Amino acid sequence: MAVKLDQQKILTALTTERKYGYLPFTLHIYDCVTSTNLTLWELISQGATAGNVVIATQQTAGKGQWGRQWISQTGGLYLSVAINPHIAANASYQLTLATAWGITYQLRQCGINVGIKWPNDLVLERRKLGGILTETKVNQGQITQAIVGVGINWSNPVPETGINLQSWLREAGEAGGRGAGRVGEEKYNAQCPMPNAQCPMPDIETLICQVLLGIESGVVCLLEEGINILVSRYLEFLVNMGDRVYVNDLAGNVVGVTPQGSLRVSLERGCITDMKTPEIHLEPGRISLGYRSS
C-alpha cells in the first residue's frame, strides 16, 4: 500500500525551519516512479529549474553508484533535488560530499547519531541507512545542472547490513532513548515510532524536511565556504577514519579524504620500499569498505 505524503506539512516545516534561501523548493510528489532522478531530468527537460524536488515512497528502477540497482520498496524515502552549482566539471564528487555532510549534520541536530561511510552512504550503528547518487550535466568545463538523489530507509524492509529509521527509533524509545532524543512526558503518539518519548522524527514528512534542509546547507557550505572547510566537516562524521584496509595486498589506515573525494590511505611502512610519502589516494569505486550485518 502506497504511503500518502502530506505536502502542506512538508512545506510548512520547510518555511519554519530553513536558514537559507538558496533553493526555492518546488515539490512534485508521486506514489511510485521508475526513478526520482530520471523523473526530475524529464521535468528539467520540460523547463523545471533549480530547487525542483521529486519525492516518492517507491521506485521500480532505482539505481545507486556505478549503475547498481537500488532496491526501493514501499515505505522508504526516495527524493531528488535539482541544483545549478556552476562548479568545475571534475568537482562532481564535491556535491556528494556536501550533501552527505549536510544531511548527516541535519539528522544529528534531531538527535539521530548518523555517520558517513565513504564516499556517499549514510550509516546508523555501522549499518546502511541511506545513500546518495549525484548526476550532472557539463557545459564548457562547468557543471551547469546537477541532480542529487537520496534514498533513506524509513519503514521499508532492509537487508541484514541495512537499518530503517522507524525501527531504530522504536527500539531506541524502548531502550530509554539510546541517544535518539530526549525522554519526555508525552504519551505515545500513534504516528511516532518511539513510544514514551519525544520523538525526534515523528513521521516521514519531518524526515523529508530535514533531508531537504541538509542538502541545502551542504551545498551552501561548499559554494560559500569552500571545499577545504567542507571536507574538514565531512571528516568529523566519517565512520571510516582510522580503519585498516588492504590495497593490492598492502595494509594501511584511512586518514582522510581529498578535495576531489578520493580516500586517503596511509600505508604501513613495512609494506613499501620506494615511496617517500607512504600515502595513496583511492578514487571512489576502487575499494569497498563494506558493512557489518549485526
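Brief remarks on what is shown
- For the pair residue 73 and residue 89 in one chain, pulling the backbone fully straight at 0.36 nm per residue adds 2.4 nm over the alpha carbon distance.
- Rounded to the nearest 0.05, the FRET efficiency derived from the C-beta distance between residue 18 and residue 246 at R0 = 45 Å is 0.55.
- Unit charges on C-beta of K, R, D, E only; dipole of the range 193-252, Debye: 160 debye
- The ratio of the alpha-carbon radius of gyration of the range 1-55 to the globular-protein estimate 2.2 N^0.38 Å is 1.23.
- Protection-proxy order for peptides 86-92, 283-289, 229-235, each taking the mean of Cβ atoms within 10 Å per residue, highest first: 229-235, 86-92, 283-289
- Here the calculated FRET efficiency for residue 44 and residue 125, from their Cβ-Cβ distance with R0 = 41 Å, stands at 0.65, rounded to the nearest 0.05.
Quick note: the coordinates plus some simple rules give every number you see, no bench work behind them. Quick caveat, the model's predicted, so the values are computed rather than measured. Counting neighbours? That spans all protein chains shown, and the Cβs are built from the backbone with ideal geometry, glycine included.
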